[in-house]
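Q: The structure that follows is given in the form of structure tokens.
Derivation of every value follows stated rules applied to the coordinates shown; laboratory data play no part. Everything numeric here is computed off the predicted structure, so don't read it as measured data. As a convention, Cβ positions derive from the backbone with ideal geometry for all residues, glycine included, and neighbour counts pool all protein chains shown.
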Amino acid sequence: MITYQTDGTRMPNIKKRPTTAWIRAVAATYDKKVGDVNYIFCNDERILEVNREYLQHDYYTDIITFDYTEEDTISGDLFISLDTVKTNSEQFGTEYDEELHRTIIHGILHLCGINDKGPGEREIMEAAENRALAMREA
């Protein structure tokens, strides 16, 4: 089950049913089933608290993914800072809606096993995000 919650912010304007179907379709391209995936949309202050408390990182970020995946069933808690998503959309010159959906699927791609911290991994993640976004638009 995929759930959408808020913590200290308003729910973003996303179409939950089509977004859920899209997430499931993207996961299926990696031969993964969707278990319990919880999106928690929050503000910068909350994501900074989560980053400090659980990861010992002292900076803002757009998404933090807690991965509870077992075998081929992805599960996790995904905290998304809508403040940082907005900042990123302005910085990268993208539409807010596109940046939000890129962030939503970024977490799913992490749960599917794609990383973005090591050498060359960022490019692999970006390509995967672009393929996933194209599936949403199709």
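Q: Which order do the peptides 62-70, 87-95 take when ranked by the mean count of other beta-carbon atoms within 10 Å per residue, highest first? Intermediate values should be presented prior to the final figure.
A: Values: 62-70: 16.3, 87-95: 12.3.
Ranked by mean Cβ neighbours within 10 Å, highest first: 62-70, 87-95.
Q: With each label point set 7 Å from Cα along the Cα-Cβ vector, what nm distance links residue 31 and residue 52?
A: That separation, rounded to one decimal, is 4.3 nm.
Q: Give me, ordered by chain and number, the residues 5 or more places off residue 69 or on other chains with an amide H under 5 Å from its own placed amide H.
A: 75
Q: Hey, another quick one. What trypsin sites (Lys or Arg not before Pro) in the stretch 92-138 are in a loop by DSSP, with at most 15 other Cβ atoms within 10 Å of the Cβ? If you can, show how the numbers build up before the last one.
A: Values: sites: 102, 117, 122, 131, 136; in loops: 117.
Here the trypsin sites (Lys or Arg not before Pro) that fit, given the DSSP loop and packing criteria, are 117.
Q: Would the stretch 2-137 count as rounded, prolate or oblate if I go by the C-alpha gyration tensor, calling it rounded below 1.5 in a/c and otherwise prolate when a/b exceeds b/c, oblate otherwise?
A: Values: a/c = 1.26, a/b = 1.21, b/c = 1.05.
Verdict is rounded for the stretch 2-137.
Q: Related question: When the chain is fully extended, how far beyond the present Cα-Cα distance does residue 117 get from residue 91, taking 0.36 nm per residue of separation? Each step should come with its number before you reach the end.
A: On the way: separation 26, 0.36 × 26 = 9.36 nm, distance 2.06 nm.
Length difference between fully extended and current span is 7.3 nm.
Q: Something else about it: Hey, which aspartates and glutamates would be in cross-link range of residue 117, C-alpha to C-alpha under 20 Å, not counting anything within fewer than 8 residues on its own chain?
A: Of all the aspartates and glutamates, those that pass the test against residue 117 - Cα under 20 Å, at least 8 places apart if same chain - are 58, 62, 67, 77, 99, 126, 129.
Q: Which percentage, to the nearest 5, of the DSSP beta bridges contained in the chain is antiparallel?
A: Counting DSSP beta bridges with both partners in the chain, the antiparallel share is about 30 percent.
Q: Helix-only mean residue ellipticity at 222 nm, the chain, DSSP H runs n ≥ 4 weighted -39,500 (n - 2.57), per residue, nearest 500. What is it?
A: Details: 5 runs with 70 residues, N = 138.
Estimated from H runs of four or more residues: -16500 deg cm²/dmol.
Q: For residue 73, project a label point 7 Å along Cα to C-beta. Then give me every residue of the stretch 1-35 with its amide nitrogen under 12 Å of that point.
A: Counting backbone N atoms under 12 Å from the label point, the list is 1, 33-35.
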